[in-house]
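Read the structure below first, then the notes.
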Amino acid sequence: MSPSAPIALTVVVVGLLAVGWFFGVILWTTGAALVIVFLAYAQGIRDRAEFARWAKRPLKSPPDSLGRFYEDSKSLHDALNLERSRNRRWLGLARRFRDTSDLIPDAWIVLDQRMMIEAVNRAATTLLGLEQTDVGRPISALVRHPEIIRLLSDEEDLNIVEITSPTDDQKKLELRLIRIGEDQNILMARDVTELNRLLSMRQDFIANVSHELRSPLTVLIGYIESIYGEDLDPDTTKQIIHRLDAPAQRMKSLVDDLLTLTRLEASPEPELDDLARIDCATLIHAISQEASSLKNENHSISLDLERNLSVMGVGDELHSVFMNLLTNAIRYSPDGGQITVRWYQLEGNARFEISDEGLGIAPEHITRITERFYRVDPSSFRAKGGTGLGLAIVKHVLRRHQSSLQVKSKQSEGSTFYFDLPRAE
Ligand code: ADP
């Protein structure tokens with residue numbers, strides 16, 4: 001029934017009564033009017049019962065049978081559905097935000113003005129040991145650290161502190177407090193262990209390079225100062241120039257190796273176009289002759305090289321690998337020692353293997369010898385003349401050729417260095 005129905009009903013009833021009175025059949029028309037009123041009333045009760053039934057589940061479309069309640073029920077139903085889809089959207093957004101924040105490796109903790117926890121993400125559990133059940137508790141009672149107390153206190157003008165992770169004492173965390181207005185704060189924690197390690201590696205590297213350059217430079221300056229303004233005879237001049245050669249060469253080797261290492265680290269992996277077919281047997285043969293002519297000692301170098309075993313690689317990079325391993329074998333074996341170089345096919349790969357009968361390397365050093373400037377015996381490296389960068393270069397080149405250096409060694413008995421490269425078809 002429409003909103004105008006009661007008016008229409010009144011008009012009909014009054015009309016009937018008027019017609020009855022006018023024609024003298026008032027009894028008949030009054031009876032008819034009563035029947036109409038009754039029927040309308042009964043319809044109203046039925047509509048109300050339908051409405052009550054529908055109102056229990058107002059998200060379902062209202063049936064046509066709601067009669068005069070239909071229009072209002074429809075408006076209510078549309079408004080409720082709109083609200084429901086809005087809520088669903090917000091809920092979806094909130095869920096996505098929570099899921100995304102759980103993927104973030106940094107921990108974040110939302111705190112109220114009293115530094116009580118309001119929300120935490122998953123990384124807060126791994127880094128700080130906080131759980132969802134800690135919501136509502138004070139952060140200072142859960143992560144007990146004087147630095148955190150300092151960070152949270154209003155008195156100190158401090159935004160960042162570094163602490164050891166309460167869940168893993170090997171981890172260092174950087175904590176940052178972000179104050180949002182008067183009543184909310186966000187505490188963020190990120191794992192800076194790796195960053196700290198890289199920073200200290202960089203500091204060590206700079207200190208090592210400076211130290212390595214300083215020693216030959218001091219020798220050079222010493223000689224220059226001693227002859228400055230002296231009137232020297234040609235023989236003495238020749239002798240001094242001869243002595244200046246070693247430290248100058250040392251500095252040159254160091255700078256060359258540093259440049260090689262920097263270039264290797266900075267350049268992207270070689271593409272197919274950068275690779276050439278390398279006839280390693282010929283290359284190794286040439287290098288062994290080059291190395292023999294450089295050394296003053298009398299090592300016996302035996303070569304066992306399989307011909308026609310080529311690999312795809314970057315020629316000058318592989319040259320520096322073979323050269324570094326061969327000069328090391330010479331440098332760390334006694335005069336006259338036996339060195340064996342092999343290049344052979346093994347399970348579809350090409351293997352380079354160099355063995356010496358020299359000093360050997362104790363197991364605790366083996367994992368570290370490819371680090372820059374790492375020396376097994378730091379007291380004797382100057383006499384031996386290496387730069388401390390040779391094996392770091394080897395490691396980088398092999399990594400760029402999808403290979404890695406392997407070492408077998410026994411102290412005082414000798415070492416074998418080897419690696420595999422896929423053979424060129
Ligand atoms: P270096 O220029 O000092 O030789 P490397 O990076 O080439 O630097 O080698 C690192 C260290 O590994 C060397 O200082 C030496 O202690 C050890 N080492 C390398 N090759 C051998 C080898 N064939 N025998 C014994 N020790 C070796």
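The values are calculated or read from the model by the stated rules, or taken from the named source; none is laboratory data. Keep in mind that this is a model prediction, so the values were computed, not measured. Neighbour counts are summed over all protein chains in view; Cβ atoms, including those assigned to glycine, are modelled from backbone coordinates with ideal geometry. For accessibility, only protein heavy atoms count, side chains too; no ligands or nucleic acids. Shrake-Rupley method; radii C 1.70, N 1.55, O 1.52, S 1.80 Å.
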Quick one: divide the alpha-carbon radius of gyration of the chain by 2.2 N^0.38 Å and tell me what you get.
2.02
Treat region 1-77 as a sphere of radius equal to its Kirkwood radius over Cα pairs and apply Stokes-Einstein at 20 °C in a medium of 1.002 mPa s; give the translational diffusion coefficient in µm²/s, rounded to a whole number.
153 µm²/s
Can you work out the FRET efficiency for the pair Thr367 and Ser153, with r the C-beta to C-beta distance and R0 = 41 Å, to the nearest 0.05?
0.35
Rounded to one decimal in nm, the spacing of the 7 Å Cα→Cβ label points at Glu182 and Arg137 is 3.0 nm
For a quick size check, give me the Cα extents of region 11-150 along its three principal axes, largest first, whole Å.
104, 27, 19
Taking the Cα centre of each part, how many Å lie between region 259-327 and region 82-98?
63 Å
Antiparallel DSSP beta bridges within region 290-412, as percent of all bridges there, nearest 5
55 percent
Phi-derived 3J(HN,Hα) across region 172-183 with the Karplus relation (6.51, -1.76, 1.60, θ = phi - 60°), rounded Hz, x for Gly and Pro, is 9, 10, 9, 10, 10, 9, 10, 8, 10, x, 7, 10
Once you have the Cα-Cα distance between Ala79 and Asp273, take 0.36 nm times their residue separation minus that, and quote the gain in nm to one decimal.
63.3 nm
Pairs of alpha-carbon atoms within less than 8 angstrom and 6+ residues apart define the contacts here; what relative contact order does the chain have, in percent?
9 percent
Sequence-distant lysines (8 or more away, or on other chains) whose Cα lies within less than 28 Å of Lys56
Lys74
Taking the dipole of the chain about the Cα centre (Lys, Arg +1; Asp, Glu -1; charges at Cβ), the one of Ile240, Pro138, Ser165 that reaches farthest to the positive side is Pro138
Can you tell me the length gained on complete extension of the stretch Gln170 to Lys60, counting 0.36 nm per residue apart and subtracting the Cα distance?
33.7 nm
Springs between alpha-carbon atoms under 10 Å, Gaussian network over the chain: tell me which of Leu258, Leu173, Leu66 tops the mean-square fluctuations.
Leu66
Only helical DSSP H runs with n ≥ 4 go in: add -39500 (n - 2.57) per run for the chain, normalise by residue count and round the 222 nm mean residue ellipticity to 500 deg cm²/dmol.
-17500 deg cm²/dmol
Mind ranking 349-357, 236-244 by how tightly packed they are, going by the mean number of other C-beta atoms within 10 angstrom, highest first?
349-357, 236-244
Computed over the chain: longest principal axis from alpha-carbon atoms vs helix 193-227 long axis, angle to nearest 10 degrees, is 30 degrees
Keeping every protein chain present and rolling a 1.4 Å probe, give me the accessible area per residue for the chain in Å².
63 Å²
Once the convex hull of the alpha carbons of region 163-230 is built, what does its volume come to per residue, in cubic angstrom?
131 Å³
Toy charge model, Lys and Arg Cβ at +1, Asp and Glu Cβ at -1: region 57-145 dipole around Cα centroid in debye, rounded to 20, equals 160 debye
If the only charges are +1 at each Lys and Arg Cβ and -1 at each Asp and Glu Cβ, what is the size of the charge dipole of region 27-186 around the Cα centre, to the nearest 20 debye?
1280 debye
Would any residue of region 183-212 have its amide N under 19 Å from a label point 7 Å out along Cα→Cβ of Glu225? List them or say none.
211-212
Among Gly313, Gly20, Gly385, whose mean-square fluctuation peaks in a Gaussian network model of the chain (Cα, cutoff 10 Å)?
Gly20
Write down the percent of antiparallel bridges among all DSSP beta bridges whose residues are both part of the chain, to the nearest 5.
90 percent
Magnitude of the charge dipole, region 211-360, Cβ model with Lys/Arg +1 and Asp/Glu -1, debye to 20
200 debye
Show me the GluC sites (Glu not before Pro) within region 214-316 that DSSP assigns to loop and that have at most 11 other Cβ atoms within 10 Å of their Cβ.
Glu230, Glu271
Counting alpha carbon pairs within less than 8 Å and at least 6 residues apart, what relative contact order, in whole percent, applies to region 82-159?
19 percent
Low-density loop cleavage sites - trypsin sites (Lys or Arg not before Pro) in region 68-113, where at most 16 other Cβ are within 10 Å (DSSP):
none
